[in-house]
1. Go over the candidates 103, 128, 120, 110 one by one and state the one that is more than 14 Å from the ligand (Cβ to nearest atom) and at pLDDT 95 or above.
2. Of the conditions (1) crowded, with 18+ Cβ neighbours inside 10 Å; (2) without any contact (Cβ under 8 Å) to a residue 24 or more places away in the chain; (3) within 14 Å of the ligand (Cβ to nearest atom), residue 47 fails just one. Which one is it?
3. Go through the range 1-19 and count every residue that is part of a helix (DSSP H, G or I) and buried (at least 20 other Cβ atoms within 10 Å of the Cβ).
4. Across the range 32-44, what is the total count of residues that are without any contact (Cβ under 8 Å) to a residue 40 or more places away in the chain and surrounded by fewer than 20 Cβ atoms within 10 Å (Cβ to Cβ)?
Ligand SMILES: [Fe+2]
């Protein structure tokens, strides 16, 4: 059974955002599989490093779009991204501790799912509205 299943509800209608989100979902799935095995600190470390790198690039792309379209929710959204990076970076620092469990993968899944369904969809809706209205007026 897939831990983090891609759902149609996650689709924002923006191909760049959706493509990035699908890759992040896959990375969290990979992380869960390795963590559930319980013997892969090295590989978990490598997946989390890739997750931090990919998230940073993805957030940069979203934030660039927000700035380009003068999105009024930019600062709040950017703060959510920063908080996520801080949490994942903290996890990375503690990766060698024995207290790390699959709860981390559950946290990442819940955070991303919630962020996509609320903040990203709100922005995607705004983006779609802007593009449509720019064509009309
Ligand atoms: Fe976002």
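1. 110
2. (3)
3. 1
4. Adding up the residues that qualify gives 7.
The values are calculated or read from the model by the stated rules, or taken from the named source; none is laboratory data. Nothing here was measured: the structure is a model prediction, and the numbers come from that model. In this analysis, Cβ positions are derived from the backbone assuming ideal geometry, glycine residues included, and neighbour counts consider all displayed protein chains.
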